Structures are given as C-alpha cells and as structure tokens.
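Right, one structure below, let's go through it.
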Amino acid sequence: MAPTAAAHLAPPPELDGDHPVKDATEPEPPPYTAAEESEPEEDPWDLPELRDTGEKWSDLDTKGKVLRVLKSIVKFVLLVGLLYVFVCSLDILSSAFQLVGGKAAGDIFQENAVLSNPVAGLVIGVLVTVLVQSSSTSSSIVVSMVSSGLLEVKSAVPIIMGANIGTSVTNTIVAMMQAGDRNEFRRAFAGATVHDFFNWLSVLVLLPLEWASGFLYRLTKVVIDSFNIQSGADAPELLKVITEPLTKNIIELDTSVIRDIATGDPAARNKSLIKIWCKTKEVTNLVNITVPGFENCTPNALCWVEDDNIWTQENQTETINLKKCSHMFVFADLPDLAVGLILLALALLALCTCLILIVKLLNSMLKGQVAVVIKKVLNTDFPFPFAWLTGYLAMLVGAGMTFIVQSSSVFTSAITPLVGIGVISIERAYPLTLGSNIGTTTTALLAALASPGETLANSLQISLCHFFFNICGIILWYPIPITRIPIRLAKALGNRTAKYRWFAVVYLVLCFLLLPLIVLGLSIAGWQVLVGVGVPVVVFVIAVVIVNIMQNRWPRFLPSFLRSWDFLPKPLHSLKPWDRVVTVVTTFCRTRCCCCCKCCKEKEKDEETDDIKTKDRSLEMYDNPTLTVEDEAKINATHL
C-alpha cells in the first residue's frame, strides 16, 4: 500500500529526553473526537456577554449619530408594539382555551363527591386552570360554588393550590419557543420551570399539612373574624384598558356560562360562551300566573280563584337585547369548539412570531454599555451586609409589576425570554417569580372585596388562603440559600432539555395533563383505589430519589450493585435510547413527507419534460428539412 501524503509530511520523532520515543508495543491513545472539542469549559449558566459589534458613539459623525438615535427609537417603538401584541395574544389564547375546554371545566367542578378528596381537588384545580388558561377564572368558579353552598371553603383550599400550579403552564409553553438555540433554551426553560418546581414542592409539603390540620383554613378564618371587613370597589383593571380595544374586536366571552354549569344550572349547558349581545337591559314586570294551591301563592301578593284555577302575581325579569357585540365572530354560525380551535391556532402563531421578533430585537438593542447597565441593575446584589435584601426587593418588583398587568402569566411569560437571552439570571428570576405569585393574590383579594355582602366572607377567605399558601411557600423555599431547591431542580431539567429537546414536550404533557388525569381517575374510582395505587408509587419515587442522592454523595454506604443503575436495562435509566427512537421516528416522518413531495414534483417535471419533447419532435418532423429517411421513419413509427 502506498504511503499517504500525511505520512510524508509527518515530522520526525524527537530523540531528546523530554520527548521519549513511543514503543510500538504500547497501546495507542484513544482517538481525538469532536465531542471532546465541543465540551464547554465554562459554566453554561453564566450570563453571556452581549458585545457591541457596531461602531463606538465617539467614532460616529453627526449623520451617523442621528441615524443611530432614529434606529433606536424605531426599535423601541417596535418592541413596545410587539409586547402589546404578545400580551393580547396571551389574552386570546386564554379565550381560546375557554372555548375549547370551558364547558368541560364546568362539568369537572360538578363532581362534588370527588371534590371532598383533597388530592382530587388539587388535580381538578390544575386541569381546570390548564383548560381555561387563567387562575382568575378557575378561582372565580370556586368562589361561586362556595357562595352557592355547593362547596365548603375547606374543600376549596386544595383547588386553589392546584390553580396556583396550573397558571405556570403558560410561561413553560413560552419557553419552548426558544428551542432553536441550545443555550438559550436551557436558560429559558429553567427560568420558566423554576415556577413549576416552587409550586409543586410547596404543594407536596403544605397539602398534607392542610389535610391533617386545616391550618390555612383556620388561619384565614381567624383573620376574617378579627376584622370588620366591608365591601370595597372593583380591582383596577389597568392592563385591560390597553388591551381591550384589540381583543374585544376579536372575541368576547360570557364566562358566567362556565360558572352556571359548575353550579348545576341545566339551561347553561345549551348556551354558547361567545357573547353576542354586549348591551342588554333587564325589565321586571308583575305578571299573573297559576299555582297548584293557595300555599304556593306569592307571599304578600294577591291570590284568587278564576275558572277553577288559582291565580297569583309574581315579579318576572325579562332581558331585552339592545346592541350586538362588534367582534369578528358575532355573525359566524360556528360552534364554540371550532371558534376556539381557530383562535388557538392564531394565538399560538402570534405568540411564536412576537416572541421570536422580541428576542431578536432585544439581542440587537442590548449591546455595549446598555447591556452592562441593565445586567448590573438586574443582577447585582446590594453591598455587604445588605446583600440578602436584594431578593426581597426583587419580590416587591415582581409583585408590583404583576399587580399592574393583573396577571402573573403575563409577567412571568415576559421575563422568560429575558432569562433565555441572558439579561436576567435564573437566581434573579426566582424571587421575581415569587413576587409575581404574591402580586396575583393581591389582585384576587381586591376582586374579593368587590363581592356582594352575602358572598364577601367566603370570597375573601379563599383569596386569603391563596395568599398565605404563597407566603408559606416562600418561607419554605427562599430565605435560607440551601433551601432554594427549585433553582437546582430547574437547572437540572434545563440541562436535560437542552440535550434532549423533545423531553420538554414530554415534561409539559406529563406534569400538566397525564399525571393529573391519572390521579383524577383513581380518585373517581374511590379513595381505597387511590391509596392502594398511590402509596406504593410515592414510596418507590422517594426510594429512587434517596438512592440517587446517596449514589452522588455517599456511594460507599450502598451495596455494590446499587452504586449505579447499570444493572437495569438502559431505557430505564437513560434517555439516550429514547432519543434514538425519537430521532428515527422524526427522520422517518420527515423523509416520507419529503419523498412524497419529491415524487410528486419529479412526476410533474417528467410530465412537463415529456410534453416538451413531444412538441419538439412534432416540430422537428415537419420543419426540419435535413431529416434522413431513417429518422423520418422512426418518428412516423413513433407517432403511429
């Protein structure tokens, strides 16, 4: 075999003592792979440097400075406009989910026997909030049921906990829009799921405590009884004033239909959630009606006999429709499901487009000194000994911003892309998210204060349960740095989803849909079935967690076979085999679709080519005088 060029160009071996010649019998080192080169030495969680790639301000002439200022103004206006459309698309997304699953959510709340089970109440709160994409809507349904006597306040507490979990699904969906860049996706998904882990861990501790002692119910009862609380004004709707001019021209919903279904009104099942008449008037008239007997007569009203019938008078209220709404579906003869699916597709498209453009705009704007100042303001701690106060100030900022925009989903979804591009660290996003949880409860408290007198106490007690639940969660998982477990869990999940991006979809479907549905099904089967299946599963999960911790820290205390999970089949302790399956399936689907498209295109091209050839041959037969007799015979034979 001839030597290669690389062999001729190889340098001779060094013969000095510093570079000993290798013996031919020594084993060769493993070949250098690209994977070793791609392993980052720096921490992937460090915030990236947003460098200024343009010219310095001092190097620009007058025209350049004017153009840069104008570009900055245009970018800022575009950013504000995109944020506006982003918030409006979140509102439309919530309306779409209510149209698709709102009546199902009302049906779920009708299972009063199941709601007495705290675990079932928790998962019902999660499912309903995921279906309607609004913890405010699910909380208002709970308040209506408590006020009407269908549900006790003690049974409503787990549902409020579930609503707190379900509201975090929105920013998790938003984080998945940044899956294009691996490092951005790692930070964005961790910044979104830190909210999930805080809520789940708080529930794991506080739900058993509430079930055993009822401490949230007792605490809020004491607060309600201690103060002479009077009904107040409506909660300010600052964001609605800005977004309603656009959203009300797209869709308007009558959410009272969901509440009526939940409270058992049979007539509400045939009503549409789409609001048709925006201006109505109620007129009360005194009408004559027949009753079976004198005991059924209206109190303090006339009652008489005429033509063998007993008559009385009764006030009846009639609703007169005055003006139709102006949204685009008011004249559409479509069912709620069809309208909901149309709005769902449009809202997701607008959400993805706005998020991509917002991230690109922020990347172009946050450069140089601007980026340095913003990152310092957002991520720098106070000087010693007041550094511990920085997180609590961030909580106040998160609570205030959520109070202004009136939605924790909007606020957390807005900071998720900022975490992804590296403007806000996950350590700073965590207290901002906790403050957002507090902010959304203060809005609910003001809304409860606007309730009528007969429902004020119950509404306020449920809102206070929500408030103290989040306060207790903050006490558990924030003050001491070692207890900030949600940050570590979110980072671990972020690393996993950055490596296997399909796992983000699995996490979303599993935690917010399949797991709650399975627990709800077991609860409907009875508490004996729930305990019989749930307790072994919980014990098994706890045992696996303990073994994992001991494998990382104290492996010497474990039996030799438990020091790693290698004794199990690889699909049971690694995502790599599943990744190969997902890759094969997606490649197969993509290849089949592409093959079909290519085959169709090639077939069309072949047909076009054949047509052209036929035309050319026909022209050649009649117009080319240099044809030989043989060629002419061939062409004639072909045509014959």
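Screening LYS491 on (1) in contact (Cβ under 8 Å) with a residue 40 or more places away in the chain; (2) of a type in the set (Lys, Arg); (3) open to solvent by 80 Å² or more (accessible area, probe 1.4 Å) shows it passes everything except condition (3). Taken together, the criteria place LEU627 among residues that are at pLDDT below 85, among the hydrophobic types (A, V, I, L, M, F, W, C) and not in a helix (DSSP H, G or I).
When ILE250, ILE258, ILE242 are checked against the criterion of being under 18 Å from SER94 (Cβ atoms) and not in a helix (DSSP H, G or I), a single residue qualifies: ILE250.
To keep it simple, each residue is scored yes or no on (1) open to solvent by less than 10 Å² (accessible area, probe 1.4 Å); (2) more than 23 Å from GLU244 (Cβ to Cβ); (3) touching a helix residue (DSSP H, G or I) at 6+ places or on another chain (Cβ under 8 Å).
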| position | (1), (2), (3) |
| --- | --- |
| PHE411 | no, no, yes |
| THR416 | yes, yes, yes |
| LEU434 | yes, yes, yes |
| ILE438 | no, yes, yes |
| ALA457 | no, yes, yes |
| ILE462 | yes, yes, yes |
| PHE467 | no, yes, yes |
| ILE475 | no, yes, no |
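Screening ILE356, ILE342 for residues that are assigned to a helix (DSSP H, G or I) and within 30 Å of ARG428 (Cα to Cα) leaves exactly one candidate, ILE356. Restricting attention to the range 383-403, the residues that are open to solvent by 20 Å² or more (accessible area, probe 1.4 Å) and not hydrophobic (A, V, I, L, M, F, W, C) total 4. Just name the residue that is farthest from the chain's Cα centre (by Cα) out of those in the range 59-76 that are closer than 17 Å to SER364 by Cα and open to solvent by 90 Å² or more (accessible area, probe 1.4 Å). Result: LEU70. For the structure I just gave you, tell me whether LEU446 is open to solvent by 10 Å² or more (accessible area, probe 1.4 Å) and within 25 Å of LEU151 (Cβ to Cβ). Yes. Just checking, does the range 251-269 include any residue being over 24 Å from VAL142 (Cβ atoms), open to solvent by less than 90 Å² (accessible area, probe 1.4 Å) and among the hydrophobic types (A, V, I, L, M, F, W, C)? Yes: the range 251-269 contains one or more residues that are over 24 Å from VAL142 (Cβ atoms), open to solvent by less than 90 Å² (accessible area, probe 1.4 Å) and among the hydrophobic types (A, V, I, L, M, F, W, C). Filtering the range 418-432 down to residues that are open to solvent by less than 10 Å² (accessible area, probe 1.4 Å) and small (Gly, Ala, Ser), which residue is modelled with the highest pLDDT? Result: ALA429. For the range 199-208, does any single residue satisfy the condition of being at pLDDT 85 or above, assigned to a helix (DSSP H, G or I) and more than 25 Å from the chain's Cα centre (by Cα)? Yes; the residues of the range 199-208 include at least one that is at pLDDT 85 or above, assigned to a helix (DSSP H, G or I) and more than 25 Å from the chain's Cα centre (by Cα).
So, GLN528, is that one open to solvent by 80 Å² or more (accessible area, probe 1.4 Å) and not hydroxyl-bearing (Ser, Thr, Tyr) or not? Considered against the rule, which asks whether it is open to solvent by 80 Å² or more (accessible area, probe 1.4 Å) and not hydroxyl-bearing (Ser, Thr, Tyr), GLN528 comes out as yes.
Checking each residue in the range 170-185 for being crowded, with 24+ Cβ neighbours inside 10 Å and farther than 14 Å from LEU418 by Cβ picks out only THR170. For the range 202-229, the candidate set comprises residues that are in contact with a helix residue (DSSP H, G or I) (Cβ under 7 Å, 6 or more places away or on another chain) and small (Gly, Ala, Ser); within that set, the residue that is surrounded by the fewest Cβ atoms within 10 Å (Cβ to Cβ) is GLY214. Among all positions in the range 45-52, there is no residue which is open to solvent by 70 Å² or more (accessible area, probe 1.4 Å) and at pLDDT 80 or above. Restricting the search to helices (runs of 4 or more DSSP H) fully inside the range 78-183 and requiring at least 3 residues that are modelled with pLDDT under 80 and among the polar types (S, T, N, Q) gives 135-147. Residues in the range 393-408 that are at pLDDT 80 or above and under 28 Å from SER134 (Cβ atoms): ALA394, MET395, LEU396, VAL397, GLY398, ALA399, GLY400, MET401, THR402, PHE403, SER408.
The values are calculated or read from the model by the stated rules, or taken from the named source; none is laboratory data. What you see is a predicted model; the values in this text were computed from it and never measured. No Cβ is skipped: glycine too gets one built from the backbone with ideal geometry, and neighbour counts run over all protein chains shown. Just so you know, the surface numbers come from the protein's heavy atoms only, side chains and all, with ligands and any DNA or RNA stripped out. Shrake-Rupley method; radii C 1.70, N 1.55, O 1.52, S 1.80 Å.
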